[in-house]
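Nothing in this text is a laboratory measurement; each read-out follows from the coordinates by a stated rule. Everything numeric here is computed off the predicted structure, so don't read it as measured data. Glycine also receives a Cβ, built like all others from the backbone with ideal geometry; neighbour counts cover every protein chain displayed.
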Amino acid sequence: EVVPHAAYRLVWDSRGTLCHRRASVWAAEQLLSGITRTTALRLHLGHYASQGAGDARGGGQAGVGRRQILQVRDASWSLAGGGEESLRLVADHYCPHPARFRRAWDQQRGTPLFVWRPVPPSDAFVALGMVATTTPEPPALESVRCVARSLCRPVHDPPVHLWDDLGGGGRPGSLWLVNSTQALWAVEGHGAPQETAWDLAEDEVLFDATGRPSVELAHKRAGPGRRRTW
């Protein structure tokens, strides 16, 4: 399921770059929740960019809407649920980590910024966002997840321009919002991304006790028994 998220840490901001406008990049944190056991696992689909230096919670400010994140949750209400390990099995099956990264863009004035596009493990998966580092080494594969193509749809709305490095010199680049997750997307140059972007097809999908999606994904509810949802 897609839920609001409010805990982020700063990855980068544009101070010292000489760019005409300021921007910052943030990573979600505090991804596990539960009282007596872990009942929800939130998934990194990418980092988040904001106009200015304000944090990534958004809500009509910083050039973005309300920030949300994909969550796998045990909806069984049972104290004997599988906990974190069970949630990770579902997440790893439908939202695996990438096979590798491809550098999408970088700038090296002020604090350097390197933006990385996840390369899915196969054509059965797509990337919904990108991740950023301040060093030229690729991030850890575990820092982001891809999503099963069968659970996504192509985006038909135009990308939303968030920031560009005009005035900063070096190789031109820009940051965009391309889907409802509002995850970071970067391109070389100041033109909009031209390739097909992907988004989650549903805000919620139910899984049965075996980890299989409910019939026709979110269009019908799963039957009785332990259920997990995103």
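General observations
- Net charge contributed by nearby residues that have their C-beta within less than 14 Å of residue 146 (K/R +1, D/E -1): +1
- Shown is the FRET efficiency for residue 124 and residue 18, computed with R0 = 25 Å from the Cβ-Cβ distance and rounded to the nearest 0.05: 0.05.
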